[in-house]
1. Could you please find all residues in the stretch 221-265 being modelled with pLDDT under 90, part of a helix (DSSP H, G or I) and open to solvent by 50 Å² or more (accessible area, probe 1.4 Å)?
2. Mind listing whichever residues of the stretch 152-170 are away from the ligand (no atom under 12 Å from the Cβ) and not in a helix (DSSP H, G or I)?
3. Which of (1) surrounded by fewer than 18 Cβ atoms within 10 Å (Cβ to Cβ); (2) at pLDDT below 90; (3) under 26 Å from Lys322 (Cβ atoms) does Gly62 not meet, given it meets every other one?
4. For Ser257, only one of the following conditions fails: (1) in contact with a Pro (Cβ under 7 Å, 6 or more places away or on another chain); (2) free of Cβ contacts under 8 Å to residues at least 40 places away in the same chain. What is its number?
5. Return yes when Ile140 is closer than 19 Å to His341 by Cβ, more than 8 Å from the ligand (Cβ to nearest atom) and modelled with pLDDT of 95 or more and no when it is not.
6. In the stretch 100-159, what residues are out of contact with any strand residue (DSSP E or B) (no Cβ under 7 Å at 6 or more places or on another chain) and of a type in the set (A, V, I, L, M, F, W, C)?
7. Report yes if Ile212 is open to solvent by less than 10 Å² (accessible area, probe 1.4 Å), at pLDDT 95 or above and near the ligand (Cβ under 9 Å from one of its atoms), otherwise no.
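The values are calculated or read from the model by the stated rules, or taken from the named source; none is laboratory data. Since we're looking at a predicted model, the values are computed, not measured. Please note: Cβ atoms are built from the backbone with ideal geometry, for glycine as well, and neighbour counts cover all protein chains shown. Surface areas here come from the heavy atoms of the whole protein model, side chains and all, with no ligands, DNA or RNA. Shrake-Rupley method; radii C 1.70, N 1.55, O 1.52, S 1.80 Å.
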Amino acid sequence: MTTSRKYFYHSQQRKIIPANDQKLNNIAKKKLAKIKASEEFDKLPRIFRERWEEVGLYHPSGEIEKAEALVLNPEDGAYSLSNKINHLTGKQWTRSIKSWFIFDALQSDIREEKEITQKAGLNSEDHPATYSPTMMADFISFFTKEGDLVLDPFNGIGSTLVGCDRTGRRGVGVELNEKYYEITKLRTKQKVIHGSSEKIGELLKANKIKNINFSISSPPYWNILQRSTGNFEKKRSEKNLDIQYSDKEMDIGNINSYEEFINRLAEIYFQIYDYLVPQAYLVVIVKNVKKAGRNYPLAWDLAKKLSEKYALKDERIWCQDKVGLAPFGYPFAYTSNIVHHYCLVFRKE
Ligand SMILES: C[S@@+](CC[C@H](N)C(=O)[O-])C[C@H]1O[C@@H](n2cnc3c(N)ncnc32)[C@H](O)[C@@H]1O
């Protein structure tokens, strides 16, 4: 250990600056050596372990004896040794807890999907509702630590699993549609299971998967694809792309009764409950939907239903800002373009 190691604290100017007092630095040195020798060390973020010689102790008012946090780059904030949820510093954490965010699909993500799948004669655009791995990686980084296990029961073409690759997590996905399952296998080496999540308990058991740290998914938004506007259908048919996920009965996007849809979907998440570690989070991304002039508050109804087993902790509203708008309702009645989704946050408590 070098004697030049520094610790950091907030000065009166509210800046993070190194301390020059040798006595305090020696206390910091001893504390850091203790952490290095303890089991705690292996649980630290990889970057802290790899650059351990540059890591300093941190206490908000400089009381180094009481310091319970580490600093690598002062600009990024301090990492609390008591962080049970993730590998983020306080500053990074704060950026993730606004109750809404704007996110539009990144061109770099779309290119990645296309390049990999087209080489194999498949087309990632075939899936009508894919998500950006960048957005999934943000959720994964908040709700897990490196090395943790993440489950997506509605895998699609594997955005969650690619998010796991990018953040050093282990991922498992379940997908009913064989084509999307094949596309996922081209994109990632993470585990993807071809099957119906209505049997997710059996599938996880057969694959010896347990102790899941986090689940994030976006199920079909009821049978919304079957009721999509003529424009969506026309454009996709012209390009010979899928208009719905599949025509299978097991595809929950083909259930016509709203009540049956909510119940069967909830049943899938209830099965997952037993495979999650205690205190694990479950995030479900859904939308409220409209049909024949009636509003179906799918997100709210699902939140209520899942609360029978999970604790509903929060919601984050995902807004899309680059979606083409239509003059719905004009000139007779108010009806919005729905360009926001609910990321419902539950916990196994
Ligand atoms: C909204 S999409 C998920 C998209 C995914 N997040 C992505 O970025 O690719 C819903 C997915 O659920 C799948 N699905 C529908 N019913 C299913 C079932 N019973 N079991 C497993 N997957 C199912 C559909 O094929 C579709 O790919």
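1. Once the filter is applied, which keeps residues that are modelled with pLDDT under 90, part of a helix (DSSP H, G or I) and open to solvent by 50 Å² or more (accessible area, probe 1.4 Å), the stretch 221-265 yields Ile224, Gln226, Arg227, Gly230, Asn231, Phe232, Glu233, Lys234, Lys235, Ser237, Glu238.
2. Residues satisfying the conditions are Gly168, Arg169, Arg170.
3. (3)
4. Looking at each condition in turn, Ser257 falls short on (1).
5. yes
6. Residues satisfying the conditions are Ala105, Leu106, Ile110, Ile116, Ala120, Leu122, Ala129, Met135, Ala137, Phe142, Ile157.
7. Working: open to solvent by less than 10 Å² (accessible area, probe 1.4 Å): yes; at pLDDT 95 or above: yes; near the ligand (Cβ under 9 Å from one of its atoms): no.
No.
For every residue, the table says whether it meets (1) open to solvent by 70 Å² or more (accessible area, probe 1.4 Å); (2) not in a loop (DSSP other than H, G, I, E, B).
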residue	(1), (2)
Glu315	yes, yes
Pro327	yes, no
Pro331	yes, no
Asn337	no, no
Val345	no, yes
